[in-house]
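Here is the structure we will look at.
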Amino acid sequence: MRSNTVGLALLVVLLAGACLGNDASFNSTGPTRPAGSAGIVQWSDPAHTADLGGGWTARVCEGAGSFLCIEREGVAVGTVEALSFPLSSFEDLNPAAATSVKLNAFAEGFHEAVRSDRTAGCPSDYGVEILGPERFRLAGEPGMFYGFVGTLGDGAPSELNLQYASIVGDQVIVLAAIAYDEGGCPGRDDLSNWDSIALSEFRPFLEPALEDSPLPVGGG
C-alpha cells in the first residue's frame, strides 16, 4: 500500500485549530462586498479591516502565526488560518502533473486521512460527508476547494471543515476554516472558535473574498 504522505501532513491542518470543471461551482448569494480595497483581505497589512458584507469583517490577527480574525457585527466569531507546505514533501504528488491534478490528489489525500482518523477515533455511527474536490479560483489563480462535514449518529452537527488550496512556486498554500461543535467528535476545546452553523453562514461571504484577495506571503 502506498504511503499517504499528503493525508498525514494535512491532518496537521485538521487537528490544529468528482469531475473537474473550469470554474468554482459555488456562487455567493450574499450582499456584494464594497468596491475597491475595502472588501479585499490584506494579509500584509494588520491595520486593514476588510468588509466582506453582511456585517462580516476580516483582519489579520495579532501575534504569531498566519490567521485572519473574523467578526460579525463587531463580535469575534472565528478565524481563517493560512498554512504552507513544501511541494517536495509530498511524495504522492507527481511533480510533472498539471496543477489541477496535483491539487486534486492533495485534496483526496486529505479526505482519505479524514475517513481513517474519524473511523478510528469517533463512534461507529459517526457520519463524514466529503466536500469537493472542486476547482476554485483562489486569489485569481487555479486552486481547489475541499473539506468535509461531520455529524453524530443522531444527525447533530459535529464539525465543518472548509479548505482552499493553491500551488505558488514550490509551496502548497492552504487557507482553512474549521468548526467544532459542543458535544461532537473530536469536540470543542479552548482553541476552538467556529461552530458549524456560524461557519456555514460565513461561507457565502468568505469564498468571494478568497477569489479576489491576494494570498499571504507565507503560511503558518
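Would you check which residues across region 26-65 are at pLDDT 90 or above and of a type in the set (S, T, N, Q) and list them?
Gln42, Thr49, Thr57 - these are the residues of region 26-65 that are at pLDDT 90 or above and of a type in the set (S, T, N, Q).
Mind checking which pairs have a first residue in region 65-87 that is within 16 Å of Ala50 (Cα to Cα) and in a helix (DSSP H, G or I) and a second that is basic (Lys, Arg) and open to solvent by 50 Å² or more (accessible area, probe 1.4 Å), Cβ under 7 Å, 6 or more apart or different chains?
Pairs found: none.
Please go through region 172-183 and give me each residue that is in contact with a helix residue (DSSP H, G or I) (Cβ under 6 Å, 6 or more places away or on another chain) and either part of a loop (DSSP other than H, G, I, E, B) or on the phi > 0 side of the Ramachandran plot (or both), ordered by number.
Asp181
Can you pull out the residues in region 172-200 that are surrounded by fewer than 15 Cβ atoms within 10 Å (Cβ to Cβ) and under 19 Å from Gly53 (Cβ atoms)?
Listed by number, the list holds a single entry, Ile197.
All but one of (1) open to solvent by less than 40 Å² (accessible area, probe 1.4 Å); (2) more than 20 Å from Phe205 (Cα to Cα) hold for Asp125; state the number of the condition that does not hold.
Result: Asp125 passes all but (1).
Among the residues of region 137-171, write down those that are part of a strand (DSSP E or B), open to solvent by 40 Å² or more (accessible area, probe 1.4 Å) and of a type in the set (D, E, K, R).
Within region 137-171, Arg137, Glu141 meet the criteria.
Give the number of residues within region 126-136 that are under 17 Å from Leu160 (Cα atoms) and either more than 18 Å from the chain's Cα centre (by Cα) or of a type outside the set (A, V, I, L, M, F, W, C) (or both).
Quick first cut of region 126-136, residues under 17 Å from Leu160 (Cα atoms) only: 126-134.
Filter again for either more than 18 Å from the chain's Cα centre (by Cα) or of a type outside the set (A, V, I, L, M, F, W, C) (or both), leaving 126-127, 129, 132-134.
The number of residues fulfilling the criteria is 6.
Restricting to region 46-64, name every residue that is in a loop (DSSP other than H, G, I, E, B) and in contact with a strand residue (DSSP E or B) (Cβ under 7 Å, 6 or more places away or on another chain). Even if it seems obvious, please write down each step before you answer.
Residues of region 46-64 that are in a loop (DSSP other than H, G, I, E, B), as a first pass: 46-49, 54-55, 61-64.
Correct list: Pro46, His48, Thr49, Gly55, Cys61.
The values are calculated or read from the model by the stated rules, or taken from the named source; none is laboratory data. Every value quoted in this text rests on a predicted model; they were computed, and no experiment measured them. Ideal geometry is used to build each Cβ from the backbone, glycine not excepted, and the neighbour counts take in all protein chains shown. Accessible surface is based on the protein model in full, side chains and every heavy atom, while ligands, DNA and RNA are left aside. Shrake-Rupley method; radii C 1.70, N 1.55, O 1.52, S 1.80 Å.
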